[in-house]
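Inspection log for the structure reproduced underneath, given as structure tokens.
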Amino acid sequence: MKIICIGRNYADHAKELNNPLPSEPVFFMKPDTAYLPAGNDFYIPDFTKDLHYECEIVVKIKKVGKNIQEKFAKDYYDEISLGIDFTARDLQEQCKAKSLPWEKAKAFDNSAPMGTHFIPVSSVNLADFHFNLNKNGETVQKGHSADMIFSIDQIIAFVSQYVTLKTGDLIFTGTPAGVGPVAIGDHLEAFIGEEKILDLKIK
């Protein structure tokens, strides 16, 4: 299982980080060791002093595919969930300043906590649904699928040109505006509509 992450897929988030809007999907990967199953607490690593949450819609791939046409992308997934793309923002800024890859800021162990469950795509309108992240009971991120620059189907078609998608792969589809830091003792909860999908304590 690999984790494919899409960057800068919401205009407001790109603006808040002073990044230009992409003309094609920007993607990077996390290893399987970044996956943190639901029910586990997240422990802030010692190497960062500025760890940020980024709540994202996550798509689970259900069969192998390569060079998938956009019109057939829906045949390759039938479930979505929510996850957190944790980012060591201080390390990321250091790497970006030196024009270096920033895997160490994104791909570290347990940096991709997942929701408690997936929901069938048949239960939501993929082009028009809301999700949100609460930190300690207060909403810090609000996302709407219609605000994605690149849709799930466009992402699958693009990424599969370069990387074969396999059963069980996870695609983190980008985060809306409102990213921010976490600290020991914080409690993150994420929802699709009124349904709680993710529950995570920071240690």
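The values are calculated or read from the model by the stated rules, or taken from the named source; none is laboratory data. Bear in mind that the values here come from a model prediction, so they are computed numbers and not experimental data. Cβ coordinates were reconstructed from backbone atoms using ideal geometry, including for glycine residues, and neighbour counts include every protein chain displayed. Remember, those area values only see protein heavy atoms, side chains included, never the ligands or the DNA or RNA. Shrake-Rupley method; radii C 1.70, N 1.55, O 1.52, S 1.80 Å.
Maximal additional length on extending the I184-K74 stretch stands at 35.7 nm, based on 0.36 nm per residue less the C-alpha distance.
Taking amide hydrogens as modeled 1.01 Å from N in the peptide plane, which residues meet the under 5 Å criterion relative to L36, leaving out close sequence neighbours? Residues meeting the criterion, in which the H sits 1.01 Å from N, are A112, M114. Here the Gaussian network model covers the chain, with springs between Cα atoms less than 10 Å apart; of G180, G65, G193, G193 fluctuates the most. For the chain, set up a GNM with springs between Cα atoms under 10 Å and report which of L170, L51, L100 has the largest fluctuation. In this elastic network of the chain, the residue with the biggest mean-square fluctuation among L170, L51, L100 is L100.
In the full protein context, region 1-108 carries 50 Å² of accessible surface per residue, based on a 1.4 Å probe and ignoring ligands, DNA and RNA. With the chain treated as a Gaussian network of Cα nodes joined by springs under 10 Å, which of L82, L36, L126 yields the largest mean-square fluctuation? It is L126. In this structure, the amide hydrogen of F129, modeled 1.01 Å from its nitrogen in the peptide plane, lies closer than 5 angstrom to those of S145, A146, counting only residues at least 5 positions away or on a different chain.
Note on Kirkwood radius over Cα pairs in Å: of the candidates (1) 17.4; (2) 17.9; (3) 16.9, the value calculated from this structure sits at (3). Spin-label model, E138/E194: points 7 Å from Cα along the beta carbon direction are separated by 2.5 nm. Per-residue ellipticity at 222 nm, computed for the chain from helices alone with -39500 (n - 2.57) per DSSP H run of at least four residues, works out to -4000 deg cm²/dmol. Would you mind checking region 165-192 for residues with the amide N under 20 Å from a putative spin-label position 7 Å along Cα→C-beta of F129? Only 168-177, 189-192 fall inside the zone, counting backbone N under 20 Å. Over region 1-103, Cα pairs under 8 Å with separation of 6+ residues give a relative contact order of 24 percent.
Applying the Karplus relation 6.51 cos²θ - 1.76 cosθ + 1.60 with θ = phi - 60° to region 162-175 yields 3J(HN,Hα) values of 10, 10, 5, 8, 10, 4, x, 4, 10, 10, 8, 9, x, 10 Hz, where x marks Gly and Pro.
Here the simple spin-label model places points 7 Å from the Cα toward Cβ, and for D50 and A11 these points are separated by 2.7 nm.
Only residues of region 38-54 count here: report those whose backbone N is under 18 Å from the spot 7 Å along Cα→Cβ of K96, or say none. Answer for region 38-54: 48-54.
Measuring nothing but how far apart in sequence close Cα pairs (under 8 Å, 6+ apart) lie, relative to its length, the chain scores a relative contact order of 35 percent.
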